[in-house]
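The values are calculated or read from the model by the stated rules, or taken from the named source; none is laboratory data. Since the model is a prediction, treat every value here as computed from it, not as a measurement. Cβ placement follows ideal geometry from the backbone for every residue including glycine, while neighbour counts extend to all protein chains displayed. Ligands, DNA and RNA are excluded from the accessible area calculation, which covers all protein heavy atoms including side chains. Shrake-Rupley method; radii C 1.70, N 1.55, O 1.52, S 1.80 Å.
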Amino acid sequence: PAPALPAPDLLPRAPRGFLGRARELAALDTAVERARVALVTGPAGVGKTALALNWAHRRASHYPDGVLYADLRGFSPDDGVDSADVLREFLPALGVPPRQVPESPTAAAALYRSLTEDRALLVVLDNVRSADRARPLLPAGARSATVVTSRLRLGGLVVTELARPVPLGVLGLDDSAALLAAAVGGDRVDAEPAA
Ligand SMILES: Nc1ncnc2c1ncn2[C@@H]1O[C@H](COP(=O)(O)OP(=O)(O)OP(=O)(O)O)[C@@H](O)[C@H]1O
Ligand SMILES: [Mg+2]
């Protein structure tokens with residue numbers, strides 16, 4: 001038998017100084033308990049990626065076969081990244097020698113499905129523009145979970161994958177104030193020696 005590979009970990013570092021979002025973190029917990037796909041949606045810059053990364057770092061230990069992450073750049077001026085490009089990273093991470101990754105997107109997707117059937121993986125798909133680009137990247141088995149982020153509602157994923165939406169609004173007033181204080185170095189006030 002081939003030696004066991006270490007579980008993949010493609011998750012980027014979570015942004016430092018993450019604040020608030022307790023309700024949304026709990027909503028993500030519930031979403032992945034009830035469905036295989038959670039869908040974090042909201043306007044540009046509202047904090048979707050920050051939330052998804054933070055949550056994924058907290059929950060990674062629930063997925064012993066590893067964590068996959070891809071930024072599909074669905075809202076960048078170019079065409080973004082399509083699922084075949086992502087599979088060229090995901091399949092080697094799952095132990096496929098790079099030269100054995102199928103050229104054909106259909107064959108690559110089929111191999112990905114068979115490799116993910118029995119594993120417990122957490123997959124984070126960031127900045128997804130369309131349901132079609134996410135579908136081939138959803139792990140096949142019931143032990144895995146996927147978190148998708150998008151500026152769009154991606155109704156297609158809700159309909160065909162029963163994805164659970166986790167809509168994000170702007171941060172609450174207290175958290176926004178704390179964020180602003182941290183950004184402008186509000187702690188310097190306390191650091192000043194008492195007169
Ligand atoms: N809860 C939070 N606490 C602290 N910083 C945050 C929080 N949420 C977001 N940020 C910061 O705000 C900025 C924008 O957040 P983020 O990149 O997650 O937004 P986004 O919704 O993913 O944007 P886009 O639609 O462009 O992908 C980042 O610098 C991020 O670190
Ligand atoms: Mg983002």
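Quick notes
- Only one of the listed residues (Tyr69, Tyr112) is within 14 Å of ligand 2 (Cβ to nearest atom), within 20 Å of Asp132 (Cα to Cα) and among the aromatic types (Phe, Trp, Tyr). That residue is Tyr69.
- Annotation note: of Ala50, Ala70, the sole residue that is outside any loop (DSSP other than H, G, I, E, B), within 15 Å of ligand 1 (Cβ to nearest atom), touching a helix residue (DSSP H, G or I) at 6+ places or on another chain (Cβ under 9 Å) and closer than 19 Å to Thr146 by Cα is Ala70.
- Residues that are more than 13 Å from Pro165 (Cβ to Cβ) and crowded, with 19+ Cβ neighbours inside 10 Å were ranked within region 33-47; the one that is nearest to ligand 1 (Cβ to nearest atom) is Gly47.
- The residue pairs whose first member lies in region 114-127 and is small (Gly, Ala, Ser), whose second member is surrounded by fewer than 20 Cβ atoms within 10 Å (Cβ to Cβ) and in a helix (DSSP H, G or I), and whose beta carbons are closer than 8 Å, counting only pairs six or more residues apart or on different chains, are Ala120/His62.
- In region 159-187, the residues that are farther than 25 Å from Val148 by Cα form Cβ pairs under 7 Å with partners that are small (Gly, Ala, Ser) and open to solvent by 40 Å² or more (accessible area, probe 1.4 Å), at six or more places apart or across chains, as follows: Ala182/Gly17.
- For region 18-27, residues that are surrounded by 19 or more Cβ atoms within 10 Å (Cβ to Cβ) and either more than 26 Å from Gly156 (Cβ to Cβ) or within 15 Å of ligand 2 (Cβ to nearest atom) (or both) total 2.
- Residue check for Ser76: within 15 Å of ligand 1 (Cβ to nearest atom), polar (S, T, N, Q) and surrounded by fewer than 13 Cβ atoms within 10 Å (Cβ to Cβ): yes
- For region 12-32, filtered to residues that are more than 16 Å from Ala60 (Cα to Cα) and more than 6 Å from ligand 1 (Cβ to nearest atom), the residue that is modelled with the lowest pLDDT is Arg16.
- Arg59 being part of a helix (DSSP H, G or I), closer than 20 Å to Leu138 by Cβ and more than 9 Å from ligand 1 (Cβ to nearest atom): yes
- Selected residue (only one of Val81, Val32, Val37 is of a type in the set (Val, Ile, Thr) and either within 16 Å of ligand 2 (Cβ to nearest atom) or farther than 15 Å from Val147 by Cβ (or both)): Val81
- Which numbered condition Ala107 misses (of (1) under 25 Å from Arg143 (Cα atoms); (2) touching a residue at least 24 places away in the same chain (Cβ under 8 Å)): (2)
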